[in-house]
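The next block holds one structure in the form of structure tokens; read it before the comments.
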Amino acid sequence: MSRIVIVSNRTPGREPAAGGLAVALRKVLDEREGFWFGWSGKLSEDPAREARFENIDGLDIAQIDLTRDDYHAYYSGFSNSILWPSFHLRLDLANIESHWYEGYRRVNQQFAKALMAVLRPDDVVWVHDYHLIPLATELRNLGARNRIGFYLHIPFPTTDALYAIPHHGELMHDLSRYDLIGMQAQRDVAAFTEFAEHQAPSTFGAHTQPVDFSRTEIEVFPIGSEPDAFARMSTSPAATKMVKRMERVLGNQRLVLGVDRLDYSKGLPQRVEAYEKLLANNARLRRGVHFLQVAPPSRDTIKQYQETSDALDAMCGRVMGRFAEPDWQPLTYVKRAYGQPSLAGLYRLSRAALVTPLRDGMNLVAHEFVGAQNPDDPGVLVLSRFAGAAEIFPDALLVNPFDTDETAEALRMALDMPLNERRQRWTALMEAARHHNVNDWALRFLDRLAPGATATSSSRDI
Ligand code: G6P
């Protein structure tokens, strides 16, 4: 069987907390030969160009270092100040400094060179996310004829937003060098197909050839979590410890929970405004409800992230000033990360979760919240229509996160929802979360990418 090579910007050793993706891909690498390749997280003025192999907790990881300038242009610059906002349809927050493209390209070339030196001809390569769109081109320029797949964890943009990205023609040409492209949701494949069918023929990559996706297969592979592992974790000693701490503070108040990286795509100020409206419109709920927002800081050297953090501070302060009393606080807001067991405990304890991003690839908090519920007394998921998860979870209370009145009303419904309806909805959600678990997701993608795999009726050859 061919080896599997996973490539991503962040390698598992550098994850703030072991996420579902890392756990699932680690399982794949436990059963198949292979390794994980990526950036070490280290900056050096004169980095070695060869990958360093390390075995971290039984996983083979190959890493390279980057220079500070390359890191800045590739990660903070092109990836997170141009691609991330554009793909999330936030052109107002994009910082179009087209020179960052050179650093982005250069780092992808460095990845390709270091990887090529250790790649075998029959290895299957699986590249993850927007940091590494050019990797297949760069590998192929060095002679790689391997099967190479790409998975986009974030939404695919509309054609207009794509056109705002410098060098979008080259990037689309880069995507056409993959054998298989996986996306989170139907909506993403629809946006991609619109581009591939109508715009690609008149879009030119670096080589004055029109972009041609005829050799690339594109398919929806919605990522998931391990819901049953979350169920077990939610009653583990670490989870129970967190639950006991919270129960002491909460007393009779019902908990409403939000858990998100502190990112403008997550709609945090709008969410706090919706909570404010809930309290304003339903005086009976005051003192009986408490909103906890967990928001670990993210990419905080980028100005737009600092501004989001400030906006959230201001919103939370406003709600505190308006509704808090000497002996009651409407909300708690923590800017730090918690381990998965603590989060699982919080998910289980909460009566409702607010998962209301303005736009999101999938959103795994939704999946993990569902997994962690107590089947006898489950909480309610209030979910943005603009998260990929909305395609998986039609039994959540779906909201338009830009409409804070609608979100406030959905939260009121969640808090007033009778037990039998909560159970019915949760049963359907849990079934969907199990059906879309992350282990099957990884195996399905790799199955389609395997040499000799043939197209299914749901896949799309363009
Ligand atoms: C999103 C992206 C991932 C990224 C993660 C954390 O989920 O799709 O590729 O790793 O955010 O962001 P960071 O910039 O800290 O890696």
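The residues listed here are L250, L331, L278; of these, the one that is surrounded by fewer than 21 Cβ atoms within 10 Å (Cβ to Cβ) and away from the ligand (no atom under 16 Å from the Cβ) is L250. Taking the stretch 135-224 and the helices (runs of 4 or more DSSP H) fully enclosed by it, the elements with 1 or more residues that are hydroxyl-bearing (S, T, Y) are at 135-141, 159-163, 186-194. Give me the pairs, please: first residue somewhere in the stretch 257-271 and within 11 Å of the ligand (Cβ to nearest atom), second residue anywhere and of a type in the set (K, R) and not in a loop (DSSP other than H, G, I, E, B), beta-carbon distance under 9 Å, and either six or more positions apart or on two chains. Taking only residues 6 or more apart or on different chains, the pairs are D260/K266; D260/R271. May I ask you to verify whether D69 is more than 16 Å from the ligand (Cβ to nearest atom), in a helix (DSSP H, G or I), acidic (D, E) and outside the structural domain of E307 (by the TED database)? Answer is yes for this residue. Just to be sure before I move on: is A112 among the small types (G, A, S), surrounded by fewer than 20 Cβ atoms within 10 Å (Cβ to Cβ) and under 19 Å from V5 (Cβ atoms) in the structure I sent? In short, no. When L89 is tested against (1) in a strand (DSSP E or B); (2) surrounded by 15 or more Cβ atoms within 10 Å (Cβ to Cβ); (3) not aromatic (F, W, Y), only condition (1) is not met. Does the stretch 42-52 contain at least one residue that is without any contact (Cβ under 8 Å) to a residue 40 or more places away in the chain, within 16 Å of the ligand (Cβ to nearest atom) and closer than 23 Å to L119 by Cβ? Yes, some residue in the stretch 42-52 is without any contact (Cβ under 8 Å) to a residue 40 or more places away in the chain, within 16 Å of the ligand (Cβ to nearest atom) and closer than 23 Å to L119 by Cβ. When I165, I148 are screened for being within 21 Å of the chain's Cα centre (by Cα) and away from the ligand (no atom under 16 Å from the Cβ), only I165 passes. Screening A22 on (1) away from the ligand (no atom under 14 Å from the Cβ); (2) free of Cβ contacts under 8 Å to residues at least 60 places away in the same chain; (3) not in a loop (DSSP other than H, G, I, E, B) shows it passes everything except condition (1). Of note, Q186 satisfies the criterion of being more than 16 Å from the ligand (Cβ to nearest atom) and touching an Asp or Glu at 6+ places or on another chain (Cβ under 9 Å).
For beta carbons closer than 8 Å, sequence separation of 6+ or different chains, a first residue in the stretch 442-456 that is at pLDDT below 90 and a second that is assigned to a helix (DSSP H, G or I), the qualifying pairs are A453/D447; T456/R448. Of the strands (runs of 3 or more DSSP E) contained entirely in the stretch 322-435, those carrying at least 1 residues that are touching a Ser or Thr at 6+ places or on another chain (Cβ under 7 Å) fall at 352-355, 380-384, 397-399.
Of the residues making up the stretch 159-212, those that are in contact (Cβ under 8 Å) with a residue 40 or more places away in the chain, surrounded by fewer than 22 Cβ atoms within 10 Å (Cβ to Cβ), among the β-branched types (V, I, T) and in contact with a helix residue (DSSP H, G or I) (Cβ under 6 Å, 6 or more places away or on another chain) number 1. Of everything in the stretch 225-240, what is surrounded by 13 or more Cβ atoms within 10 Å (Cβ to Cβ) and in a helix (DSSP H, G or I)? Give them in sequence order. Within the stretch 225-240, P227, D228, A229, F230, A231, R232, M233, A238, A239, T240 qualify. Residue-level check: of (1) assigned to a helix (DSSP H, G or I); (2) under 17 Å from S40 (Cα atoms), F53 misses just (1).
Per-residue answers, yes or no, for (1) assigned by the TED database to the domain that holds T404; (2) more than 21 Å from the chain's Cα centre (by Cα); (3) in contact (Cβ under 8 Å) with a residue 40 or more places away in the chain:
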| site | (1), (2), (3) |
| --- | --- |
| L278 | yes, yes, yes |
| G288 | yes, yes, no |
| A295 | yes, no, yes |
| I302 | yes, no, yes |
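Please state which one of N252, N282 is touching a helix residue (DSSP H, G or I) at 6+ places or on another chain (Cβ under 8 Å) and outside the structural domain of H88 (by the TED database).
Going through N252, N282 in turn, the sole match is N282.
The values are calculated or read from the model by the stated rules, or taken from the named source; none is laboratory data. On a predicted model such as this, the values are computed, not experimentally measured, just so you know. Positions of Cβ are backbone-derived with ideal geometry, glycine not excepted, and every protein chain shown enters the neighbour counts.
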